[in-house]
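See below for the structure under consideration.
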Amino acid sequence: MSQYHRGSATWVLGLASLVVGWSASARGDVPPQGLPELCQRVKPSYVFISGGSGVLITPDGLMLTNSHVIGNGKQFDVRLGNGRHFRAKLLGRDVDGDLALLQLEKKNETPFPHLELGDSDKLQVGDHALAIGNPFGIGFVDQHPTFTFGVISAVNHFQGNYPEAIVTDAEVNPGNSGGPLINMQGQVVGINGQISTRWGLRSNTGLGYAISANQIRMWIPRLQKAAGGDVAHGKLPGIDFEKAPLESIQSLKIKDIAEGSPAANAGLKAGDTIVKFDGKPVASAVRLASVIGIYPEDHEVTIDVERDGQVVPLKAKLVRTRRGQLGFKLKQPDKEDPFVKVGSVDKDSPAEQGGLKSDDEIVEVEGNKFANVPAGLQFRLVDGWMKNGVTAGDIIKFTIRRKNDKGEPTEQEVRMIAK
């Protein structure tokens with residue numbers, strides 16, 4: 001390499017180091033004073049479990065982790081960050097919310113090392129964050145958990161089954177799942193559980209997602225009483241919203257309410273626009289789904305709706321959902337069929353009460369049109385959705401095509417309330 005190229009390379013590397021250092025400083029990644037001491041202080045409360053992670057949150061040995069970390073297990077051998085081994089038993093799981101609570105068995109009267117749950121609602125973008133874990137099982141080699149440092153990148157983020165996720169750029173990888181996300185006061189502000197990946201690689205690409213401490217705090221009493229079983233999330237079925245972009249406030253205007261549904265019992269009416277849910281402002285259907293997703297069944301909430309120019313507060317109780325039935329079957333399609341057809345319709349079913357008839361062609365389901373989709377694929381989509389995607393109390397709308405008295409094809413909407 002010539003002197004010129006060596007000098008150029010040195011200059012480029014120096015500039016790159018300067019840029020990286022400036023970027024880290026600008027985004028708040030410069031470690032605060034006392035970080036090594038903080039790592040040593042929180043380390044004993046960390047738990048190695050089933051190739052993943054956990055954390056102790058009480059002196060009597062309550063431990064949090066992800067549901068996906070423990071699978072269907074009930075009893076576990078765990079090791080703390082200080083090297084001590086214990087037996088742990090499952091108290092309860094929130095499978096949908098990916099949370100599990102376990103109890104460690106005491107060997108003497110000495111309190112367990114533990115970290116308190118912080119107030120995740122106080123988190124701000126740019127706050128420092130520390131993630132503790134066992135990425136790729138590295139802790140099984142040197143017997144110590146790892147620590148990664150970063151900032152809070154976003155809050156209240158909808159990420160799959162994490163409806164109110166905390167986003168961090170502290171490196172989180174497979175094996176970190178179930179471990180704590182910690183603030184600089186040594187409090188648990190979240191439980192890490194998901195990552196963003198690219199190209200199918202199971203490694204962090206800069207974003208990790210954690211279940212918020214305030215969501216967890218709401219579930220702990222239920223998990224403690226679950227006797228090793230599962231707990232359920234609450235929903236408010238029976239609402240049909242106006243058709244609008246999901247990210248807009250117009251998507252929160254109610255078009256229809258199912259009679260006798262939990263939504264109707266709460267006093268919601270057609271024409272209402274939901275503006276707050278349990279005190280939290282909601283500006284879109286996506287945000288509403290995110291907020292509802294954090295709550296357990298039987299949880300009572302206040303819903304503020306705009307009605308006739310005024311804000312009206314309503315009380316509602318969220319219910320455990322179950323799969324709903326519409327009461328009809330599909331016909332196996334022929335290759336030449338443009339649309340999938342209705343087969344048999346059960347007597348007194350939601351389908352019959354809504355006016356659905358055998359041989360009706362299904363043109364649209366819940367706003368999803370089937371034009372140019374092969375009938376075979378339509379059959380699989382609709383059949384799978386009816387078996388797994390319909391909730392009891394939901395208002396379901398189909399656009400169907402049938403021949404009138406003159407033999408001419410006409411389209412009409414069919415409305416059903418799933419049972």
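The values are calculated or read from the model by the stated rules, or taken from the named source; none is laboratory data. All figures in this text were calculated on a predicted structure; none of them were measured in a lab. Note: ideal-geometry Cβ built from the backbone for every residue, glycine included; neighbour counts use all protein chains shown.
Scan the stretch 305-318 for residues that are farther than 15 Å from Trp219 by Cα and either touching a helix residue (DSSP H, G or I) at 6+ places or on another chain (Cβ under 8 Å) or surrounded by 20 or more Cβ atoms within 10 Å (Cβ to Cβ) (or both) and jot them down. Those that are farther than 15 Å from Trp219 by Cα and either touching a helix residue (DSSP H, G or I) at 6+ places or on another chain (Cβ under 8 Å) or surrounded by 20 or more Cβ atoms within 10 Å (Cβ to Cβ) (or both): Val305, Ala316, Lys317.
Might you let me know whether the stretch 299-313 holds any residue that is in a loop (DSSP other than H, G, I, E, B), touching a strand residue (DSSP E or B) at 6+ places or on another chain (Cβ under 7 Å) and within 22 Å of Leu377 (Cα to Cα)? No, there is no match, as no residue in the stretch 299-313 is in a loop (DSSP other than H, G, I, E, B), touching a strand residue (DSSP E or B) at 6+ places or on another chain (Cβ under 7 Å) and within 22 Å of Leu377 (Cα to Cα). The set of residues in the stretch 42-81 being among the charged types (D, E, K, R) and more than 25 Å from Tyr209 (Cβ to Cβ) consists of Asp60, Lys74, Asp77, Arg79. Look through the stretch 319-354, keep the residues that are in contact with a helix residue (DSSP H, G or I) (Cβ under 6 Å, 6 or more places away or on another chain) and within 23 Å of Glu413 (Cβ to Cβ), and return whichever of them is surrounded by the most Cβ atoms within 10 Å (Cβ to Cβ). The qualifying residue surrounded by the most Cβ atoms within 10 Å (Cβ to Cβ) is Val340. Of the residues making up the stretch 94-112, at least one is in a strand (DSSP E or B), surrounded by fewer than 20 Cβ atoms within 10 Å (Cβ to Cβ) and either not hydrophobic (A, V, I, L, M, F, W, C) or not assigned by TED's automatic domain parsing to the domain that holds Pro36 (or both). A search for C-beta distances below 6 Å between a residue of the stretch 371-390 that is closer than 19 Å to Ser349 by Cα and any residue that is among the small types (Gly, Ala, Ser), counting only pairs 6+ apart in sequence or on different chains, returns Val390/Gly324; Val390/Ala418.
Of all residues in the stretch 156-186, exactly one satisfies the criterion of being in a loop (DSSP other than H, G, I, E, B), surrounded by fewer than 22 Cβ atoms within 10 Å (Cβ to Cβ), in contact with a helix residue (DSSP H, G or I) (Cβ under 8 Å, 6 or more places away or on another chain) and polar (S, T, N, Q), namely Asn173.
For the stretch 176-183, the condition holds for at least one residue, the condition being that it is assigned by TED's automatic domain parsing to the domain that holds Gly139 and farther than 20 Å from Phe48 by Cβ. Checked against the criterion of being modelled with pLDDT of 85 or more, closer than 23 Å to Asp240 by Cα and assigned to a helix (DSSP H, G or I), the stretch 396-417 contains not a single residue that satisfies it.
For the stretch 51-67, the criterion of a residue being surrounded by fewer than 19 Cβ atoms within 10 Å (Cβ to Cβ), under 22 Å from Ile138 (Cβ atoms), out of contact with any Leu (no Cβ under 6 Å at 6 or more places or on another chain) and at pLDDT below 95 is satisfied by at least one position. With respect to (1) in a strand (DSSP E or B); (2) touching a helix residue (DSSP H, G or I) at 6+ places or on another chain (Cβ under 7 Å), the lone exception for Val275 is condition (2). Residue count for the stretch 383-397, restricted to those that are under 20 Å from the mean Cα position of the chain (by Cα) and either outside the structural domain of Gly343 (by TED's automatic domain parsing) or within 8 Å of Arg323 (Cβ to Cβ) (or both): 3. Within the stretch 97-124, the set of residues being in contact with an Asp or Glu (Cβ under 8 Å, 6 or more places away or on another chain) and aliphatic (A, V, I, L, M) comprises just one member, Ala100. Considering Phe147, Phe158, the condition of being hydrophobic (A, V, I, L, M, F, W, C), assigned by TED's automatic domain parsing to the domain that holds Glu116 and either without any contact (Cβ under 8 Å) to a residue 24 or more places away in the chain or closer than 30 Å to Gly324 by Cα (or both) is satisfied by Phe158 alone.
Among the residues of the stretch 263-304, write down those that are farther than 24 Å from Gly92 by Cβ, in contact with a Gly (Cβ under 7 Å, 6 or more places away or on another chain) and crowded, with 19+ Cβ neighbours inside 10 Å. Within the stretch 263-304, Ala263 is the sole residue that qualifies. Residues considered: Lys225, Lys235, Lys255. Of these, the only one that is at pLDDT below 95 and either assigned by TED's automatic domain parsing to the domain that holds Gly71 or closer than 30 Å to Lys74 by Cβ (or both) is Lys235.
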